[in-house]
Amino acid sequence: MDINDDLIDRVLQGQATAVEAAEFQKWLNVPANLERFALRAELHADLRRSLRRRDIQNSALEARRDPETSTTTSPSIFHSRQALMLTGVAIAACLIVAFMWPAAEDAPGTAGTLAANVVSDVNGLLTKSDERWDDTNLPTGEYELQKGLLHLQFGGGVMVYLEAPARFDAVSDSRVVLHSGRLSATVPPEGIGFTVKTPEAEVVDFGTEFSVDVEGGASEVHVFDGLVRVHPGASNGRDASRSVDVQASQAVRITEGTPDPENISIATDRFIRDFDEPARKYAPAIRKKSPLAFYRMPIRDKGLASEPPKYSGVVLTGEGKRPPHARGVFVGGSLRVGVDSVGRGGRVDNPPALNTGQFSVTLFVYRESDDTGATAVTNMHDDHGNFDMSLDANGRLQATVRSRDGSQSTIIGKSVLPLREWRHVVLTVDGHNMHFYEDGKLVGSRPCAELATSESDPIWFGTNASTTQAWDGRIDEVALFDQALDDEEVLTLYRLAQEEITRSR
């Protein structure tokens, strides 16, 4: 298919067919095509502004020629001067509006004008004019997301995910002002031109997936797919010559008072970019091994979901700046613990029984600070329970199990768990030995008798029974088995996970 200016214009006007839009999306993967499209889109924006100015100027001139202000009769000098002065003020006001139009666009539209629809929320508390807003229709106006997560759909199929705390203005179905907080957007071809303005910049999308973080006098823009154009500076001091194009796998920070954007590393794990957990290879591979319970940590408002549901638990929300969810190891959600909060984690009060003497637990962990002694997963407290995985005093992962004779056995990892990296961890007990794996590799084994029986001891994720050893980071994809996985099975799971991680980045 020939991608010419005519097709580009029809895409910008929302008139392209579904087939043309799909081909156009592929065409945008070439950097030179992205630049060509960006220039064409900018031309469209300039033309729209020029037409708006012309219409306003013509209206002002028509007002100047109004018979009431240009009568052929001879009025008094006072009335003539008054008419000229009023007409001059009208023209000046129109010209000011015309040449300051971008700033005027930030004012919310007419009251009642629909800007977006609420698709879903997770423990969300959204307010408008200090009153709770529960309607699924989101008219233009000023809003504050005080807690939880919010999924909105704007015009053109643009999907926006907001994370509390966040304060934003829904200006129109294609424009948002984000005063503070985190926002992620997925923009199809029909939604090209969707704009997010922050105190430090304006972000114009050209069909992509991107996130914006506004906090502490700085705005960050992270692009995961496609292209956005970033105009740094406040509305009244924006210099178009300093605008930059940010492409996939790139990110910039714009600090208040600094004219040029700063290149930074993209944060693939910081933002919640979807509420759904896709079905790919890793999860089916886990299910084929018949786990007792599988906790995928999806972003849900009904607690700690399990497969099967009867072993579900509760998410401990605690106190803090961010909700207890974050982007997962693949695409969906993970359980976020710590992170400027207390009392977070997860608890299963009615877990499956562990009584065969054999056992495996598989999970992913993500560490965000240098804290030590934190718990990843455990059911041990006092003389109860039979397994624990936590950090030792040096920041290394350690696994501990209790045997039927009452003895305990521990294996400690060989290296400090790195920060801000997902690690796949597996603990197994086969009745003779316990084995501990990190990223598919066996890091330690030792003799161990059959696992002690546990019929109903609660399981804790990201904290212990006394909530004193909170994990500062994330936990995802926890599976419990009443059998021991072998070396090959553990390695296969890790390789499948790596394939999914690569595809989702």
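The figures follow:
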item	result
Rounded accessible area of Arg327 (nearest 10 Å², 1.4 Å probe)	0
Calculated log₁₀ intensity ratio I(q)/I(0) where the Debye formula runs over C-alpha points of the stretch 188-320, q = 0.10, 0.13 Å⁻¹	-0.49, -0.70
Label-point gap, in nm, between Ala22 and Ile412 - each point 7 angstrom along Cα→Cβ	5.7
For Leu316, distant residues with modelled amide H under 5 Å away	Gly345, Gly346, Arg347
Debye intensity ratio in log₁₀ form over the Cα atoms of the stretch 112-262, taken at each q of 0.12, 0.17 Å⁻¹	-0.45, -0.91
Nitroxide proxy distance, nm - points 7 Å out along Cα→Cβ at Ser265 and Thr453	5.0
Residue-level accessible surface for Met297, protein heavy atoms, 1.4 Å, Å²	10
Area accessible to solvent at His435, 1.4 Å probe radius, in Å²	40
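The values are calculated or read from the model by the stated rules, or taken from the named source; none is laboratory data. All of these numbers come straight from a predicted model, not from anything done at the bench. All Cβ positions, even for glycine, are placed from backbone atoms using ideal geometry, and neighbour counts span all protein chains on display. Accessible surface is based on the protein model in full, side chains and every heavy atom, while ligands, DNA and RNA are left aside. Shrake-Rupley method; radii C 1.70, N 1.55, O 1.52, S 1.80 Å.
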